[in-house]
Structure formats: C-alpha cells, structure tokens
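The values are calculated or read from the model by the stated rules, or taken from the named source; none is laboratory data. Everything quoted here is computed from the prediction, not taken from an experiment. Because the Cβ atoms are built from the backbone with ideal geometry, glycine has one as well, and the counts that use them run over all protein chains shown.
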Amino acid sequence: MAAFGVFAIFAPLLTGCGAGDAPGVAGGPVAMRRLTESQYRAAIADVFGPEIEIAGRFEPDGRRDGLIAVSSAFVTVTPSGFEQYEGMAREVARQAVSEPLRDRWISCQPSDPAAKDDGCSEALLRRIGPRLLRRPLEAADIAPRVAAAGRAATELSDFHAGVELIVSSLLVAPDFLFRIEALEDDAPPGEPLRLTGASLASRLSYLIWNAGPDDALLARVAADELSDPEALAQEVDRMLASPRFEAGVRALFDDLFQFDAFDELGKDPIRYPMYSAKVAADAREQTLRTVVDHLVEQDGDYRALFTTRRTFMTRTLGPVYALPVRTETGWEAVELPASGPRAGLLGHASFNMLNAHPGRSSPTLRGLFLRESLLCQSVPPAPADVDFGLFNADDDPKLRTARDRLEVHATHATCRNCHKLTDPIGLGLEQFDGLGRARTAENGAPIDPSGDLDGRVFEDAASLGEALAESPLVPACLVENAYRYAVGRVATLDERPLLRHLERRFEAEGHRIAPLMRAIALSPAFQTATPASGEGQERS
C-alpha cells in the first residue's frame with residue numbers, strides 16, 4: 001500500500017492541522033457495544049489463528065440510525081444467546097488447545113503434561129487475556145482462572161484441559177462479548193472525562209481495523225501513553241499504515257451499504273434464473289473490492305467512487321454484466337465500457353439486486369437507500385394501509401414501466417410526499433433490473449432513466465452518479481456516518497460543530513478516507529465522553 005507509506009511519512013506534519021483545529025467539545029455518552037459476528041470471528045482468528053472453525057447461531061446484530069455499529073450499543077445477550085456463546089466458547093477452546101494449533105499461541109511447556117502447572121497457566125493467560133479482554137489484566141482476572149485450571153488439570157490428569165477452561169472462560173466474559181467503555185475519574189470539575197487508555201485503544205482499533213487492539217497498542221495502554229497527544233498520533237499513523245486498515249474500511253462500507261442483507265437475499269428463480277448465492281456473494285465482494293482499491297490502494301477521492309468505471313470481475317459475475325472474463329478463477333480488474341450505462345458504485349449489481357424486490361426492480365427502494373445512506377436524509381415510512389396492488393400489476397398495457405406505475409401510485413395523497421423524495425432519483429437506476437443486469441426496456445416499453453437530484457437534472461444512471469459526486473451532501477453524509485460508526489451513536493447537539501469541522505478537513509484533504517479517520521481519532525470528542533444518561537442525544 002504505497003499510498004500509505006507516503007501518508008505515514010508526512011502524517012507528523014499534519015498533526016497541527018488535524019487534531020489541533022478540532023473543536024474542544026466533549027464526547028457524548030459512553031457506550032457498551034456487543035461484538036458483531038464479524039468482530040467475534042476476527043478476535044478468535046487474531047489470537048488463535050484463522051483455522052479455528054466457529055459454528056453456531058449468533059444473536060442478530062440489528063440496525064439503528066442506518067448502522068449496525070450504532071445498534072450494537074442497544075442490543076444485549078438473551079438467555080438463549082448466552083447458551084450459544086457458551087457452546088461456541090467451549091468448541092473454540094477445544095480446537096485452540098488441540099495439536100498442532102496450540103503450539104502457535106502457548107509459548108510455555110508444562111513440567112508435566114498430566115498435571116497442573118500454575119506458572120505456565122498464568123503465563124499463557126497473561127499472553128492471551130489482554131488481547132481477548134482488550135485491556136490489561138487485573139488480579140481478579142488471573143487468580144481464579146489459574147486456580148480453576150489447576151483443579152481441572154488435576155482432576156482430568158491433563159494440563160491442557162485446564163488451559164481449555166481458561167480459554168472458554170475468557171470467551172464468555174462480559175469484557176470479551178461487549179466493548180465496555182470506561183472513564184478516568186481524575187478530571188477537574190467541569191472538564192470532560194477522558195476515556196481510559198484501554199477504552200480509547202478499543203475505539204481506535206475497531207474504527208481503523210474493525211478488530212481488537214494488537215500487542216503494540218496494548219503496550220501503549222499498559223505504559224499509560226495514549227494520554228500523550230504525540231504518542232496517540234504516532235499510534236494512529238501506525239495503524240493507518242498497517243495492511244489491517246483494509247479490513248477496517250471494508251467493515252465501514254459493508255455496514256454503511258447494508259450488505260449484511262445479502263445473507264438473507266433471495267430472487268424469484270423464474271424471473272432471475274441466473275441468480276445464485278455465488279452471484280450474490282461475488283456482487284458484494286466486487287463492490288467492497290472496488291472501494292478498497294480506490295480508497296486504500298489508490299488513496300483516492302471518495303466522490304470518485306460514484307463515477308469510476310474501474311472495478312473487478314469474476315467468471316460468475318461476467319454474465320450479469322454481459323462482459324467476457326479471461327481469468328477462470330479469482331478476480332480480474334476491468335474497465336466498464338465508457339459507452340455503457342454503468343459508472344460508479346450505483347452501476348454495480350450489488351446495489352441494484354439488494355435494493356429490489358424478489359421479482360422486480362424497485363425505484364423506491366433504490367431512492368430510499370440513496371436518500372438515507374448516502375445523503376443522510378430522512379424519508380417517512382409508508383402508511384400501514386398503502387395499496388401496492390397498482391404498482392405490482394404489470395399486466396396493464398398502459399402501465400408497462402415502473403415510471404408509469406409510480407406516476408399513478410403517487411397521485412394518492414398519502415403516497416405523494418414520500419415518493420417525491422425517492423422516485424425521482426431511484427428511477428435513474430431503472431436501466432438495471434432486479435438482478436442488476438442492464439436493460440433498455442421493461443415489458444416492451446422503453447425505459448426513461450432521467451430525473452433530478454434536488455434540482456440537478458440527470459439523464460441516466462451514469463449522470464446520476466455524477467450528480468451525487470458533485471453534491472456536497474454526499475461527503476458530509478460519509479463524515480456523519482463515519483463518526484456514528486466510530487462512537488456507536490448519533491452525534492449530540494454539542495458535537496455538531498465537530499462534524500462541520502470534520503467536513504471541512506475531509507474536503508481540504510481531497511476527500512480521502514485515511515485523513516478522515518485520522519481526524520476523527522485525534523478529535524477531543526473521540527477521546528472523551530460523558531457518563532451514559534441518554535440525555536442530550538439527538539439525531540443530527
């Protein structure tokens with residue numbers, strides 16, 4: 001990632017214009033966020049290796065204010081969910097202590113494999129405990145676990161049975177299953193409360209990597225160095241320059257684009273016989289791969305994602321795009337034809353198959369996604385008694401296209417206000433069917449993909465992408481969503497000046513993702529908080 005080598009060299013020169021200019025507002029309420037399924041899996045792989053197989057049903061992540069990252073602060077673990085976590089913990093522990101996997105993380109050897117060895121048990125606990133609990137260990141974390149491991153080893157005549165108990169106990173600990181934020185209590189009266197070093201480290205690592213702190217970051221916590229602005233900036237720059245930054249960017253946009261919905265996606269096999277789980281998985285990966293290539297590998301302007309024709313293709317996706325693919329396996333970089341309707345992310349199959357019905361396209365769903373996720377605008381929900389019969393009736397020769405049907409549908413007063421927000425932009429994507437295949441007609445009638453985005457007229461899907469790229473609301477919305485993602489909640493009223501500052505910094509830095517993450521991480525509001533009370537929080 002050559003771009004980030006350059007970024008790392010010049011980052012110290014940007015410290016003054018990054019964190020120094022940020023408004024000195026205190027952060028909002030602290031959060032207690034349950035690990036998402038992807039974060040749980042990453043934690044296991046980081047400590048014990050990617051070979052560990054995790055089977056079981058995770059508690060649903062949910063979505064709030066557009067993001068799973070926000071919803072995670074409002075979900076708990078049900079009794080049945082805890083049983084699932086217990087079962088997964090035991091199975092992960094069993095695999096982790098089996099040969100040869102245990103040799104990767106157990107650095108000591110017991111004096112007698114058939115007996116307890118408290119010294120070795122404590123040594124391995126001190127090694128993996130901080131990684132799993134995301135904080136330095138306390139005496140209460142160590143002594144009971146070492147004692148329990150000793151009893152199990154003695155009873156079963158197997159040292160590793162005790163180790164298995166240590167691992168499983170860590171994996172059901174609240175500090176593992178939840179990212180629990182804590183505050184220092186040494187602030188003068190009236191001053192904002194700082195997050196503890198461990199809580200700040202966790203915020204940093206999940207923002208930048210979507211994973212827990214590594215050993216280097218935990219060493220900073222243990223040395224109480226993250227309260228030093230220079231040390232904090234150095235650590236942020238190290239993390240942004242790491243190859244793991246790619247995973248963090250993937251996680252942010254996977255959440256923002258609501259790609260978790262692919263897990264439950266289905267299509268009418270009569271209308272879309274080309275659809276398969278493999279097509280859906282590759283469509284999702286294509287878009288994320290394009291995002292990472294543009295924002296991380298090329299350090300590009302976020303707005304250009306809506307106009308770029310560079311993307312990636314597999315043999316599975318080729319027929320959906322009507323493109324030849326040379327490689328038999330894996331991914332191939334391609335340039336979408338300049339004469340074709342596809343340009344930018346909105347021309348990808350992922351958005352168009354996801355924001356559609358099982359048997360047809362949906363301008364309304366597509367427009368709703370654009371308004372809420374890319375422009376941060378609210379659209380009222382449809383009335384409970386709305387009649388969709390007219391829109392779904394495609395046997396009327398006068399209403400052959402979605403535009404025809406929606407124009408009649410919107411004559412109803414109860415429908416008009418919502419549809420005037422979604423349909424004028426969603427119709428711009430009618431060049432793509434419910435699978436994301438390009439088309440020029442529906443039911444034999446030509447499709448008109450023109451429309452307007454808040455007064456900006458466009459002719460087709462490609463020019464809709466240009467309109468989004470030129471809209472100041474698009475980068476501002478990413479800033480707002482990135483901050484929500486970072487802190488696990490919507491911004492408070494007091495944090496609104498910070499959002500405006502971050503928008504200006506984002507623009508000044510060429511709308512690049514790494515400087516945006518850096519500005520968020522080094523802002524005073526990211527490093528401070530108020531005790532959770534639920535007061536003063538409002539959608540911004």
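Of note:
Rundown of residues vs (1) in a loop (DSSP other than H, G, I, E, B); (2) in contact with an Asp or Glu (Cβ under 7 Å, 6 or more places away or on another chain); (3) among the acidic types (Asp, Glu); (4) closer than 26 Å to ALA322 by Cα, yes/no style:
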position: GLU230; (1), (2), (3), (4): no, no, yes, no
position: GLN234; (1), (2), (3), (4): no, no, no, no
position: LEU240; (1), (2), (3), (4): no, no, no, no
position: PRO243; (1), (2), (3), (4): yes, no, no, no
position: GLU246; (1), (2), (3), (4): no, no, yes, no
position: LEU252; (1), (2), (3), (4): no, no, no, no
position: TYR275; (1), (2), (3), (4): yes, no, no, yes
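- Within the range 143-158, the set of residues being in contact with a helix residue (DSSP H, G or I) (Cβ under 6 Å, 6 or more places away or on another chain) and within 29 Å of ILE180 (Cα to Cα) comprises ARG145, VAL146, ALA148, ALA149.
- Residue check for SER169: assigned to a loop (DSSP other than H, G, I, E, B), under 23 Å from GLU138 (Cα atoms) and of a type outside the set (A, V, I, L, M, F, W, C): no
- From the options SER121, SER38, SER98, SER72, residue that is loosely packed, with under 14 Cβ neighbours inside 10 Å and not assigned by TED's automatic domain parsing to the domain that holds SER378: SER98
- Subset of the range 128-141 (residues that are without any contact (Cβ under 8 Å) to a residue 24 or more places away in the chain and either closer than 20 Å to PRO213 by Cα or not in a helix (DSSP H, G or I) (or both)): LEU137, GLU138, ASP141
- So ALA231, is it surrounded by fewer than 19 Cβ atoms within 10 Å (Cβ to Cβ) and touching a residue at least 60 places away in the same chain (Cβ under 8 Å): no
- Criterion (at pLDDT 95 or above and either closer than 20 Å to LEU516 by Cβ or of a type in the set (Val, Ile, Thr) (or both)) met by exactly one of ALA223, ALA211, ALA173, ALA198: ALA211
- Annotation: of all residues in the range 269-279 being under 15 Å from ARG315 (Cβ atoms) and of a type in the set (A, V, I, L, M, F, W, C), the one that is surrounded by the most Cβ atoms within 10 Å (Cβ to Cβ) is VAL279.
- The sole residue among LEU137, LEU132, LEU195, LEU124 that is more than 22 Å from LEU232 (Cβ to Cβ) and under 27 Å from the mean Cα position of the chain (by Cα) is LEU132.
- Selection of the range 79-127 for residues being among the β-branched types (Val, Ile, Thr) and in a helix (DSSP H, G or I) yields only VAL92.
- Residues being touching a strand residue (DSSP E or B) at 6+ places or on another chain (Cβ under 7 Å) and of a type outside the set (Phe, Trp, Tyr) - total across the range 482-501: 5
- ARG151 meets each of the listed conditions (1) under 16 Å from ARG135 (Cβ atoms); (2) surrounded by fewer than 15 Cβ atoms within 10 Å (Cβ to Cβ); (3) basic (Lys, Arg) apart from (1).
- Unmet requirement for ILE180, which otherwise passes all of (1) under 24 Å from LEU35 (Cβ atoms); (2) surrounded by 21 or more Cβ atoms within 10 Å (Cβ to Cβ); (3) aliphatic (A, V, I, L, M): (2)
- Lone qualifier among ARG326, ARG315, ARG342 - being part of a loop (DSSP other than H, G, I, E, B), of a type in the set (D, E, K, R), crowded, with 21+ Cβ neighbours inside 10 Å and out of contact with any Pro (no Cβ under 6 Å at 6 or more places or on another chain): ARG342
- When THR307 is tested against (1) more than 25 Å from LEU478 (Cα to Cα); (2) in contact with a Gly (Cβ under 7 Å, 6 or more places away or on another chain), just one condition goes unmet, and that condition is (1).
- When every residue of the range 361-370 is checked against the conditions, at least one turns out to be within 22 Å of HIS511 (Cβ to Cβ) and modelled with pLDDT of 95 or more.
- The single residue among ASP282, ASP268 that is in contact with a Pro (Cβ under 6 Å, 6 or more places away or on another chain) and within 18 Å of ASP433 (Cα to Cα) turns out to be ASP268.
- The set of residues from the range 408-463 being modelled with pLDDT under 90 and among the hydroxyl-bearing types (Ser, Thr, Tyr) comprises THR411, THR414.
- GLU335 vs. criteria at pLDDT below 95, over 24 Å from the mean Cα position of the chain (by Cα) and either of a type in the set (D, E, K, R) or surrounded by fewer than 22 Cβ atoms within 10 Å (Cβ to Cβ) (or both): no
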